[in-house]
Amino acid sequence: MNRSKIIKEIDDLLSLYCEGCFLRLHFRKTYGNTHAHQFCIKECTVGENLQVKGKYLINEAASKK
């Protein structure tokens, strides 16, 4: 897969699902930014998808070295 295509997919996911996410805003106001960030990383399916794409980018960069 092309690196720029993956970055575009990540950007699309962030803009479509993460910007204006009610849960993220709620957790930021109620518990703070750290808790909201941890929720997005560990429990949100969009966050899991972003992690997979990010790991692919890291592995792709490491394999080119």
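The values are calculated or read from the model by the stated rules, or taken from the named source; none is laboratory data. The shown structure was predicted, so the numbers you read here are calculated from the model rather than taken from an experiment. Heads up, the Cβs are rebuilt from the backbone with ideal geometry, glycines too, and the neighbour counts pull from every protein chain shown.
Somewhere in the stretch 33-46, is a residue at negative phi, in contact (Cβ under 8 Å) with a residue 24 or more places away in the chain and surrounded by 12 or more Cβ atoms within 10 Å (Cβ to Cβ)?
Filtering the stretch 33-46 for residues at negative phi gives 33-46.
Applying the additional criterion that residues be in contact (Cβ under 8 Å) with a residue 24 or more places away in the chain yields 46.
Filter once more, keeping what is surrounded by 12 or more Cβ atoms within 10 Å (Cβ to Cβ): 46.
There is at least one residue in the stretch 33-46 that is at negative phi, in contact (Cβ under 8 Å) with a residue 24 or more places away in the chain and surrounded by 12 or more Cβ atoms within 10 Å (Cβ to Cβ).
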Does any residue in the stretch 6-30 that is closer than 15 Å to Asn49 by Cβ come within less than 6 Å, Cβ to Cβ, of a residue that is among the basic types (Lys, Arg) six or more places away or on a different chain, and which pairs are these?
Ile6/Lys53; Ile10/Lys53
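Going through Leu14, Leu57 one at a time, which residue ends up being aliphatic (A, V, I, L, M) and modelled with pLDDT under 95?
Values: Leu14 fails: modelled with pLDDT under 95.
It is Leu57.
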